[in-house]
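A short worksheet on the structure shown next.
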Amino acid sequence: MALGGILAVPIVRTPLLTKEGLGVVVGFPLSGSQKILNKLLPLAIQHYQAGQLNVAESICRQILQAAPDDGDAWHGLGIIAAHQGHYDSAATYLEQAITLHPNLAIYYNSLGNVYWYQGQLSQAATVYRQALALQPNYAEAYNGLGNVLSDQGQLAEAEHCYRQAVSVNPSYAQAYNGLGNVLKAQTRWREAITSYRQALTGWPAYAEAWNNLGSVLGEVEEWEEALNCCTRALVLQPNYAKAHNNLGNLWRKQFRFTEALAHYQQALTLSPQFAEAYSNLGNIWRDMGLVESAITCYRQALQLKPLVPIFSHLLFALLYNTEDLEERQPEYRAFDKFCQTLVPAPYQHDQHAWLTRRRGQSRLNIAYLTADLRRHSVAYFMESILAHHDHEQFQIWVYYDYAKEDEVTQRLRGYVDQWVNCKHLSHAALSERIHEDGIDILVEVMGHTGEHRLLVLAQQPAPIQMSYLGYSDTTGLSRIQYRLTDGYVEPLGAADEYSAEQLVRLPRSYFAYCPPASSPPVSPPPMLSKGYITFGSFNYLPKLSPRLLTVWARLLEALPTAHLLIKTNTRQLLSEAMIREQVLTRLQSSGLDLSRVTLADCAETTTEHLRWYGEIDIALDTYPYHGATTTCEALWMGVPVVTWAGRTHAGRMGLSILAAAGLPELIGSNEEDYLKIAWWLARNGGYLQELRQTLRERLTQSLLMDGLGLTREIEQVYRRVITALETG
């Protein structure tokens with residue numbers, strides 16, 4: 001007989017809680033008769049359903065004393081052990097049940113659940129398939145296999161399994177929930193919403209489905225319903241840490257940082273081992289400029305659960321607070337090693353087959369992989385390159401990895417030969433697509449920013465892989481052969497030693513700025529109407545390091561009438577009293593006179609943002625992480641930018657930009673130079689007025705806006721590395 005009822009249901013990620021103090025095990029005189037055994041088994045199920053796991057276990061053991069070959073009792077022990085978290089024992093018991101009765105699909109399904117919960121995905125897939133071979137219409141086994149395939153990133157195959165499960169059992173809530181997760185991973189938001197709603201139709205008290213529905217509603221910006229769904233999940237399950245974490249995400253996407261912070265902290269109170277919540281909390285601290293606190297959170301998250309996004313958050317945060325290249329190397333090496341464990345066997349490119357294909361083509365296939373060809377700072381620098389490529393020599397591909405498009409995306413699409421929307425593809429599927437498309441050089445343009453695809457490059461789908469522009473340091477990924485840079489940001493020496501990629505230095509700045517078409521005209525310097533100099537910084541708050549703030553305090557002290565305008569690039573951040581107070585406290589503790597400091601929030605539109613440059617006379621670059629887009633914007637709006645060249649790529653971008661713009665007099669080699677240049681500019685109003693009137697024209701004629709020249713130099717690099725591969 002097969003053990004039915006609750007003991008046979010798939011193991012879920014939130015096991016039933018045992019009840020304490022339920023008394024001694026119910027005893028039965030065991031004569032070995034089938035009649036007695038038939039009474040014991042339903043009793044075990046009854047106690048299991050009541051959460052009395054110890055009692056149920058004791059009854060199963062009594063059965064086995066009388067009948068050691070009772071497969072159902074072994075199966076029951078396995079289910080109970082799994083719900084108690086004793087997975088190795090559970091597997092042993094279930095394997096014994098299978099040995100005794102190898103033709104019962106339910107035993108294989110339960111063993112698959114145990115393997116899945118342990119993270120042994122290959123073993124789980126094998127036994128689920130054995131269950132389906134024995135019972136082809138087994139909905140639970142299809143669901144279990146769908147879970148495994150989803151975890152492995154095989155989204156299409158997982159979707160098929162979930163759909164098979166619900167075709168067998170149309171009211172199967174867990175399968176609809178799993179299907180929703182797979183559809184969400186493919187950015188098929190509306191289909192995912194439908195699937196979660198079907199799950200809730202079958203099980204209205206399904207807290208996980210409510211939470212997931214809230215998450216995907218957030219993706220389509222239906223904020224009120226999204227928040228209500230996650231709140232409903234917490235009503236059903238008050239200690240549901242994932243729902244608090246998700247609420248934090250929803251509030252952060254709406255730029256409500258105080259609420260987000262509270263939910264992340266509550267998630268960690270309920271679940272102190274919740275790695276993703278630590279990482280999300282770190283993101284809030286980083287947005288507020290509390291870089292050290294953010295780094296602490298990321299390190300804690302990595303100790304609990306190494307994940308590629310958490311590695312990237314940590315590596316990115318380190319750029320804000322250290323100039324020591326050697327200090328960052330252990331983190332990059334750990335990231336590279338982790339990626340190699342996730343992708344142990346990258347593509348092996350057949351040199352002969354590649355050369356044969358190349359001889360049949362006149363153009364090289366160059367592909368850019370990025371999510372940032374939209375209203376994003378990277379697009380201001382990629383547009384000139386995409387617009388000027390030589391399409392007779394190169395077939396230009398873009399793998400666009402973002403769910404939405406805007407007017408910038410639409411414009412940039414017109415510059416390329418092949419545009420592939422790839423957000424819905426898993427890492428494995430995207431790697432396969434790139435490989436099948438015959439890409440010769442794959443250029444990733446994100447590094448450790450955003451929801452990057454470095455794991456795609458870890459699979460080496462193209463024979464040559466490069467990194468460029470989007471990240472101000474090495475990726476750390478040894479399977480990327482080259483990184484495009486220049487001699488300003490990375491002079492010969494330490495950068496070569498510490499970069500995982502071979503550095504290819506362009507003969508000019510690696511930046512080519514393309515200003516927004518909606519740029520307002522340059523306005524007169526505000527000193528004419530205000531009667532005093534206004535310095536400004538429009539950079540991301542984490543770039544305002546403690547050392548930098550003390551230097552700014554010295555500058556204002558040397559110029560008693562000068563003011564400082566700090567505008568964030570994070571929307572509504574300074575509108576929240578708690579965060580604004582924290583920022584002001586940081587500024588004051590650095591010695592800044594708050595009566596001479598103005599804080600402003602992020603502008604709603606690009607045009608409005610650029611108009612803010614009309615409020616400042618001189619822009620102050622940040623340190624040790626320079627601005628890039630903000631520096632170019634300031635110059636375009638007639639505002640000179642004073643920079644201070646540091647030791648790292650991130651701390652030398654201002655040097656590269658100002659050199660390309662023909663403004664070397666604005667570059668300091670240390671903080672004293674930085675102060676002297678800023679002081680001199682503030683005392684020379686005539687020169688400031690001249691710059692205000694001429695900077696835009698000077699920029700237009702400079703290397704900084706010579707997109708054609710930069711593109712030709714990049715194309716020469718592409719030809720050179722291909723020739724090396726062909727002859728190597």
key: Derived scalar couplings ³J(HN,Hα) [the stretch 475-490; Karplus, 6.51 cos²θ - 1.76 cosθ + 1.60; whole Hz; x for Gly, Pro]   = 6, x, 8, 5, 7, 9, 6, 9, 9, 7, 8, 9, x, 6, 7, 9
ask   = In the stretch 400-451, which trypsin sites (Lys or Arg not before Pro) are in a loop and have at most 14 other Cβ atoms within 10 Å, using DSSP for the loop call?
value = K404
ask   = Taking the Cα centre of the chain as origin and charging only Cβ (+1 Lys, Arg; -1 Asp, Glu), how large is the dipole, in debye to the nearest 20?
value = 600 debye
key: Helix axis angle, 257-270 relative to the chain longest principal axis, alpha carbon, degrees   = 30 degrees
ask   = Against the longest principal axis of the chain, how steep is helix 707-727, in degrees 0 to 90 to the nearest 10, with axes from Cα atoms?
value = 50 degrees
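Give K543/K567; K305/K337; K242/K305; K337/K423 a once-over and call out the pairs whose C-alpha atoms are over 18 Å from each other. Provide the component values of the computation, followed by the final result.
Values: K543/K567 12 Å; K305/K337 15 Å; K242/K305 15 Å; K337/K423 25 Å.
Beyond 18 Å: K337/K423.
Compute the orientation-averaged projected area for the stretch 499-551 from the convex hull of its Cα atoms and round it to one decimal in nm². All intermediate terms of the calculation are to be shown ahead of the outcome.
On the way: hull surface 31.8 nm².
With every direction weighted equally, the projected area is 7.9 nm².
Counting other beta carbons within 10 Å of each Cβ, put T630, T449, T605 in order, fewest first. Before the final figure, lay out the partial values.
On the way: T630 25, T449 18, T605 11.
Taking fewest neighbouring Cβ atoms as first place, the list is T605, T449, T630.
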key: Net charge of neighbours whose Cβ lies under 13 Å from the Cβ of E557, counting Lys and Arg as +1 and Asp and Glu as -1   = +1
ask   = What are the residues whose amide H is under 5 Å from the amide H of V443, where those residues sit 5 or more places off or on another chain and H is modelled from the backbone?
value = A367, Y368, L369, M466
ask   = So, in nm, how far is label R411 from label L43 when the simple model puts each one 7 Å beyond its Cα toward the Cβ?
value = 7.9 nm
query = Which value in nm describes the separation of the simple spin-label points at R359 and D593, placed 7 Å from the Cα toward the beta carbon?
reply = 7.7 nm
query = Peptides 119-132, 570-583, 455-468: what's the order by average Cβ count within 10 Å, highest mean first?
reply = 455-468, 119-132, 570-583
remark   = With x for Gly and Pro, the residue-by-residue ³J(HN,Hα) of the stretch 385-394, computed from phi through the Karplus equation 6.51 cos²θ - 1.76 cosθ + 1.60 at θ = phi - 60° and given in whole Hz, is 6, 4, 6, 10, 4, 7, 7, 6, 9, 10
ask   = Angle between the Cα long axis of helix 291-304 and the longest principal axis of the chain, 0 to 90 degrees, nearest 10?
value = 30 degrees
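Between T258 and V235, what FRET efficiency comes out of the Förster formula 1/(1 + (r/R0)^6) with R0 = 25 Å and r the beta carbon distance, rounded to 0.05?
Values: r = 22 Å, r/R0 = 0.90.
Efficiency for this residue pair is about 0.65.
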key: For the stretch 424-439, 3J(HN,Hα) per residue [Karplus equation, 6.51 cos²θ - 1.76 cosθ + 1.60, θ = phi - 60°, Hz, x = Gly/Pro]   = 7, 8, 5, 4, 5, 5, 5, 4, 5, 5, 4, 4, 5, 6, x, 5
remark   = Sorted by chain and then number, the residues having a modelled amide H within less than 5 Å of the amide H of Y400, at least 5 places away or on another chain, are V420, N421, C422
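Mean residue ellipticity at 222 nm from the helices of the chain, using -39,500 (n - 2.57) per DSSP H segment of n ≥ 4 over the full residue count, to the nearest 500 deg cm²/dmol?
On the way: 33 runs with 398 residues, N = 728.
Here the helix-only value at 222 nm equals -17000 deg cm²/dmol.
What does the net charge come to around A81 if you take all other residues with beta carbon closer than 13 Å to its beta carbon, with K and R at +1 and D and E at -1? Show your work: numbers first, answer last.
Details: positive: R61; negative: E57, D88, E95.
Local charge sum for A81: -2.
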inquiry  = With every atom except the alpha carbons ignored, what do you get for Rg and Dmax of the stretch 584-725, in angstroms?
reply    = 17.6, 61
query = For the pair R611 and S171, what calculated FRET efficiency results from E = 1/(1 + (r/R0)^6), where r is the Cβ-Cβ distance and R0 = 41 Å, to the nearest 0.05?
reply = 0.10
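How long is the gain from S519 to K305 if the chain were fully straight, where each residue apart is worth 0.36 nm and the alpha carbon distance is subtracted?
72.5 nm
Taken together, the values in this text are just the output of simple stated rules run on the coordinates, not laboratory data. Note that the structure is a prediction, hence the values are computed from the model and not measured. Because the Cβ atoms are built from the backbone with ideal geometry, glycine has one as well, and the counts that use them run over all protein chains shown.
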